[in-house]
Amino acid sequence: MMSLFDLTRLQHEHLAPARNRASRLRSEAEQQELALVWDMILAVDYQAVSAEDLSPEAREDFCDVIEVLLRTLARD
């Protein structure tokens, strides 16, 4: 029996949302001209080049930090 969808496109349910959140926050940081701050926090606090390099727990923590920063420094 043939599958109705492509099984190779499946991702673990906990991976896709984390990646989407980081991508969304990166876009918001770029819109607010805070991409340099994003990179600095990753490099200094997490010793990473990309949010994808972080463990799931560290990525969640990083996203929480960035989200608070973006809300605090939001330009209206």
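The values are calculated or read from the model by the stated rules, or taken from the named source; none is laboratory data. Small disclaimer: the values here were computed from a predicted structure and weren't measured. Methodologically, a virtual Cβ is constructed for each residue, glycine included, from the backbone with ideal geometry; neighbour enumeration extends over all protein chains shown.
Tabulated data
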{"item": "Residue within segment 67-74 that is surrounded by fewer than 17 Cβ atoms within 10 Å (Cβ to Cβ), at pLDDT 90 or above and more than 14 Å from the chain's Cα centre (by Cα) present", "result": "yes"}
{"item": "L36 being aliphatic (A, V, I, L, M), part of a helix (DSSP H, G or I) and surrounded by 11 or more Cβ atoms within 10 Å (Cβ to Cβ)", "result": "no"}
{"item": "Unique residue being assigned to a helix (DSSP H, G or I) and of a type in the set (G, A, S) when the list is A48, A43", "result": "A43"}
{"item": "From the options L42, L25, L15, L7, residue that is under 13 Å from the mean Cα position of the chain (by Cα) and at pLDDT below 60", "result": "L15"}
